Every structure is written in C-alpha cells, then in structure tokens.
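Heads up: the structure comes next, in structure tokens.
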Amino acid sequence: MLAVAGPSPLWYLTRGTGAVALLLLTASVVLGVLNSGNRTFQAWPRFTTSGVHRNVSLLVLVLLAIHILTAEMDTFAPVGWPAVLVPFTSSYRAIWLGFGTLAFDLLLAISITSIARPRIGYRTWRLVHWGAYFTWPLALVHSFGTGTDARLSWMKMVAFVCGVAVVAAAAWRLADGWPSRAGVRVTSGAAATVGLIAIAAWSLQGPLRAGWARRAGTPPSLLGARAPAAGASGAPSGGGAATGGVAAPSGGIGILPLSTFVTGSLTETGPDQSGLVTVTLRLSSSGASADVAEVVLRGVSSGGGVSMQSSAVSFGPSSAPSQYQGTVTALEGSQIAAAVTSASGGPLSLGLDLQIDSTSGSVQGTLNVQAARAERRH
C-alpha cells in the first residue's frame, strides 16, 4: 500500500490521462503500421483502419492536452509552461520531461501536416509522418522517467502490453512483402530491437530501482532534503555516511549529509471508529551508522493509499531510535519528506524514496538526511 498526502484530483488526472494516452498512442501506432502494409483484411477494410487510426490519434492529442493542463495546474511539480513546447527546459526532471515534450511536438507536427496534406503534397506529409515511429519510444521513456508509477504493477503491465503490441505490429510489417528491400527491413528490425533492449535495460537500472526520484532530477525541495553542502566530496556508500560533510548536530548518526540504503516493513491497522487507518513504516540501515526511522501516517483510506491527516516521525541511531522526533512535511506517492528535532541537537530534514511491496509489506529505498536551518523566532 502506498501512502499519499492530500491526494490532488489534478495529480490523479495527470497520471490517468498519461497512462491512457500511452495506450491510445500504442493503438494509433499499431493501426498506422497495419494500414501501411500491402495486405488487406476482408473483415476490416483499409478505409475503416484509416478512419479509426485518425480518430484515435485525435483522441491522443485531446488526452495529452488534458495531461499537460492538469500537470501545469498542479503546483506540486514546477513544470513550467515553456517546457510544454521547448524540450529540456523544465526544472523538474528536465531530461525525461523533455522526451515527452519531443513526443508532443512530433504529434503536433504530424497532425498539422495531415490537415495541410492537400497543400504540402504527399511526399512532405509522408516524411513528417515517419516521425510517428519515434513518438512511441519517446512517450514510453517519458512515462517511466517522469511519472511516479513506474514501479507499480499496473504500470509495468501497461508498458508490457504496449511493448508487445508494437513489437508484434512491427514484426508483421517487416515480414509483409518479404524479401523486397530486405536490407532496409533487416536494418530497421535490428535498430528497433536494439532500441527496445536499451529502453528495457535503462528501466531496470533507472526508474525501477529505488532512489530514482533523486537521480531523475527532482528538485531537492520536493524530496525534503537540500543538496549536499559545498565542499562535500565522494559519493555515499550503501548504508554508510557521506564523507566530507559536517558533523551531526548530535552524536550518534555520523556525518551529514547522510545517504543510506534502508529496508523495513509496512503495516496498516484500522479503520478505527472515526474511519481512519494508520500506516506505519519501520526502516533501518545496515551500514556502520545503523540508523533507525519510523514513520506513522494516519488518515482516510483513498485510492489504494492514505489521505494523511496527521503524522509522527522518529529517527536516530539504533541505540536511541527516538532521539529525533517530528512530522511529515511533504508526501508524494512513496516519496516522503520530514522535519525532526531533538532536545540535544539541531533540526534535521529527512528524505525517503521508497519502493513498497504491498503484497508482502516489505519496504526498501534510500534515506537522505540533511542538517536543516533552524527557524528564527521573533
């Protein structure tokens, strides 16, 4: 089960329209491939395929317009309006958002040239229309790289179904009319195979692994942790403290900033008499610091998660696991930010990027700890 804080309808709408748009884009690409072949189907005439292909493509654009509008209206991620048409200009996951912008630009170009086809001629239209073959992998990479659902089973199934459909259509098209232009067919097939393998390898090493939110370019403010202080050197080892940082406000948790791999469990109880459920995350690291963290979320069960109404966070070394205490300050899917303080030390900012197996209740991910600047009181 994933905990979500104050689930925004805009956030759900952005995710939903993005996933459905990917499915419909896949259907559009498959129909376009089938329509370009030499074979005809008696039960499915070519003009029918062309009409469905055109209507599905228009529906993709409508869904993308809603997807973009809701993403801009939702204030959680600072996407920025220029990034809608200009790739790689957003401060939020610029590379992976940029791939989506490229796919959208290509779809716009294809749609505009299709409308203007009588004026620009068949050859120009066909040249631009070849860009449709690039929109699908760009959209797929965008969905995994920018979205928050890459590690969820339903999103993996969506990607699998889309991949199988496109591969099957491409294989049918390459075999259609064989062996004419055998060299072009073999080269195209090899390039497509290499591209799919590259996307699969990237997914396994990137979005499907814990810690992707930080590596993808999410602003530190959204992760609940500031970037490492200037002068820090070296990457933190799994389970250990980063070197070159500053001493912790209070002894026992090592050197800050700290980045460590954590494992643990998720339990859910309730609902109670007031209709609220309680989700408890218990996490610990296995490195030299052996830090322990517990996050308790209480709220209304909603859409496979919890709409948080209250929270409690404790953190510290294994010898004093409740040394620091505080609350959750930001929650987005399985990314948690918290602020904690102790009587003997300064405030800390915690950032958790977790992968949760809702079936077994096991949790793993990355814990990042930064020294936070205490608020000035007047």
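The values are calculated or read from the model by the stated rules, or taken from the named source; none is laboratory data. Keep in mind the model is a prediction, meaning the values are calculated, not measured. All Cβ positions, glycine included, derive from the backbone under ideal geometry; neighbour counts span all protein chains shown. Protein only, heavy atoms only, side chains kept; ligands, DNA and RNA dropped before computing areas. Shrake-Rupley method; radii C 1.70, N 1.55, O 1.52, S 1.80 Å.
The table below lists the values:
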quantity	calculated
Output for the stretch 273-290, where each listed residue is of a type outside the set (S, T, N, Q) and modelled with pLDDT under 80	Gly275, Gly287, Ala288, Ala290
Within the stretch 79-94, considering residues that are under 25 Å from Ser28 (Cβ atoms) and in a helix (DSSP H, G or I), the one most open to solvent (accessible area, probe 1.4 Å)	Val84
Of all residues in the stretch 128-153 being farther than 20 Å from Ser28 by Cα and modelled with pLDDT under 85, the one that is surrounded by the fewest Cβ atoms within 10 Å (Cβ to Cβ)	Ser153
Checking Gly177 against (1) modelled with pLDDT under 85; (2) closer than 17 Å to Gly98 by Cα, the condition it does not meet	(2)
Residue match in the stretch 221-239 (condition: modelled with pLDDT of 50 or more, of a type in the set (Gly, Ala, Ser), surrounded by 14 or more Cβ atoms within 10 Å (Cβ to Cβ) and in a loop (DSSP other than H, G, I, E, B))	no
Filter result for Trp202 (under 16 Å from Val29 (Cβ atoms) and touching a residue at least 12 places away in the same chain (Cβ under 8 Å))	no
Criterion violated by Trp172 - all others in (1) surrounded by fewer than 15 Cβ atoms within 10 Å (Cβ to Cβ); (2) without any contact (Cβ under 8 Å) to a residue 40 or more places away in the chain satisfied	(2)
Close pairs from the stretch 16-33: first surrounded by fewer than 21 Cβ atoms within 10 Å (Cβ to Cβ), partner aromatic (Phe, Trp, Tyr), Cβ under 7 Å, at least 6 apart	none
Answer residue from the stretch 317-337, given it is modelled with pLDDT of 85 or more, open to solvent by less than 50 Å² (accessible area, probe 1.4 Å) and part of a strand (DSSP E or B) and is nearest to Gly147 (Cα to Cα) among those	Ile336
Residue match in the stretch 161-178 (condition: of a type in the set (Phe, Trp, Tyr) and closer than 18 Å to Leu138 by Cα)	no
Test: residue in the stretch 57-67 that is modelled with pLDDT under 90, open to solvent by less than 50 Å² (accessible area, probe 1.4 Å), touching a helix residue (DSSP H, G or I) at 6+ places or on another chain (Cβ under 6 Å) and not hydroxyl-bearing (Ser, Thr, Tyr)	no
Residues satisfying the stated conditions in the stretch 338-365, i.e. open to solvent by 50 Å² or more (accessible area, probe 1.4 Å) and over 27 Å from the mean Cα position of the chain (by Cα)	Thr341, Ala343, Ser344
Failed criterion for Ile115 (all others in (1) modelled with pLDDT of 90 or more; (2) out of contact with any helix residue (DSSP H, G or I) (no Cβ under 7 Å at 6 or more places or on another chain); (3) β-branched (Val, Ile, Thr) hold)	(1)
Subset of the stretch 175-213 that is among the hydroxyl-bearing types (Ser, Thr, Tyr) and in a helix (DSSP H, G or I) - its residue that is least open to solvent (accessible area, probe 1.4 Å)	Ser203
Selection status of Phe76, open to solvent by 30 Å² or more (accessible area, probe 1.4 Å), in a helix (DSSP H, G or I) and at pLDDT below 85	no
Inter-residue pairs, beta-carbon under 8 Å, first farther than 16 Å from Leu58 by Cα and in the stretch 106-134, second surrounded by 12 or more Cβ atoms within 10 Å (Cβ to Cβ) and of a type outside the set (A, V, I, L, M, F, W, C), 6+ apart	Ile120/Thr113; Thr124/Thr113; Trp125/Thr113; Trp125/Ser114; Trp125/Arg117; Val128/Thr113
